[in-house]
Amino acid sequence: LKINSLNLQKQIKIFKPIYSADRLSYIKNCKALLLASDYECNSMVVAEALSLGVLVISSKECNTEEIAKYGACITIDKNEEVFVKNIKKVFSNDRYKKIQKKAKQFSKEFLDLDKNTEKLNNFYLSL
């Protein structure tokens, strides 16, 4: 994005990869995680953001369509104008707060390791 030309340096921060536990404090303090990737498969940063109740706006290449169907994130075409338009739209009202709540709910329902382990155990025991 043309952050400087749009004068958004204070609102948008771009980080290099953070591999330490500090990454969770960075994510937790964000209103949104923007992920415009050429390919992602079960992205850990998406799971971390959802568990912290942070809005995820990602390109379709990030494989977040199922999460978006649940209402827990926004999945869009990887196009600069489309990203900017959706960011403005979601923050122009309180829609992002609703999505943040859905993100936490999604995380508890589908990303909880204990719950999913129990489901898998029950499934295999039923065979």
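Any residue at all in segment 58-81 that's of a type in the set (D, E, K, R), surrounded by 13 or more Cβ atoms within 10 Å (Cβ to Cβ) and in contact with a Phe, Trp or Tyr (Cβ under 6 Å, 6 or more places away or on another chain)?
yes
Quick check on L55: is it touching a helix residue (DSSP H, G or I) at 6+ places or on another chain (Cβ under 6 Å), at pLDDT 90 or above, surrounded by 14 or more Cβ atoms within 10 Å (Cβ to Cβ) and hydrophobic (A, V, I, L, M, F, W, C)? Working first, answer last.
Working: touching a helix residue (DSSP H, G or I) at 6+ places or on another chain (Cβ under 6 Å): yes; at pLDDT 90 or above: yes; surrounded by 14 or more Cβ atoms within 10 Å (Cβ to Cβ): yes; hydrophobic (A, V, I, L, M, F, W, C): yes.
So L55 fits the description; yes.
Please name all residue pairs, on different chains or six or more residues apart, with Cβ atoms under 8 Å, provided the first residue is in segment 78-95 and is closer than 18 Å to T64 by Cα and the second residue is in a helix (DSSP H, G or I) and not hydroxyl-bearing (S, T, Y).
K78/K60; K78/E61; V90/I99
Would you point out which residue out of I14, I18 is farther than 22 Å from S107 by Cβ and in a loop (DSSP other than H, G, I, E, B)?
I14
Identify all residues within segment 45-100 that are small (G, A, S) and either touching a Pro at 6+ places or on another chain (Cβ under 6 Å) or not in a helix (DSSP H, G or I) (or both); write none if there are none. Break it down into steps so the answer makes sense when it comes.
Taking segment 45-100 first, the residues small (G, A, S) are 47, 49, 51, 53, 58-59, 68, 71-72, 92.
Passing the criteria: G53, S58, S59, G71, A72, S92.
Could you look through segment 35-44, keep only residues that are in a loop (DSSP other than H, G, I, E, B) and surrounded by 10 or more Cβ atoms within 10 Å (Cβ to Cβ), and pick out the one that is modelled with the lowest pLDDT?
This residue is E40.
Can you pull out every residue in segment 85-114 that is farther than 30 Å from Q11 by Cα and either open to solvent by 80 Å² or more (accessible area, probe 1.4 Å) or under 13 Å from the mean Cα position of the chain (by Cα) (or both)?
Residues satisfying the conditions are F110, L113, D114.
Go over the candidates I14, I3 one by one and state the one that is among the β-branched types (V, I, T) and over 21 Å from S92 (Cα atoms).
Values: I3 fails: over 21 Å from S92 (Cα atoms).
None of the other options fit; the residue is I14.
Any idea which of S51, S37, S58 is of a type outside the set (A, V, I, L, M) and touching a residue at least 60 places away in the same chain (Cβ under 8 Å)?
Working: S37 fails: touching a residue at least 60 places away in the same chain (Cβ under 8 Å); S58 fails: touching a residue at least 60 places away in the same chain (Cβ under 8 Å).
One residue alone meets the criteria, S51.
Of (1) of a type in the set (D, E, K, R); (2) in contact with a Ser or Thr (Cβ under 8 Å, 6 or more places away or on another chain); (3) at pLDDT 90 or above, K69 satisfies all except one. Which?
Failing condition for K69: (2).
Which of the residues belonging to segment 14-34 are without any contact (Cβ under 8 Å) to a residue 40 or more places away in the chain, under 17 Å from C73 (Cβ atoms) and either open to solvent by less than 70 Å² (accessible area, probe 1.4 Å) or of a type in the set (F, W, Y) (or both)?
If the condition is that a residue be without any contact (Cβ under 8 Å) to a residue 40 or more places away in the chain, under 17 Å from C73 (Cβ atoms) and either open to solvent by less than 70 Å² (accessible area, probe 1.4 Å) or of a type in the set (F, W, Y) (or both), then I27, C30, L33 are the ones that fit.
The values are calculated or read from the model by the stated rules, or taken from the named source; none is laboratory data. Source: prediction; values computed, not measured. Cβ: placed from backbone, ideal geometry, glycine included. Neighbour counts: every protein chain shown. Ligands, DNA and RNA are stripped out before the accessible areas are found, and what is left, the full protein with its side chains, is counted by its heavy atoms. Shrake-Rupley method; radii C 1.70, N 1.55, O 1.52, S 1.80 Å.
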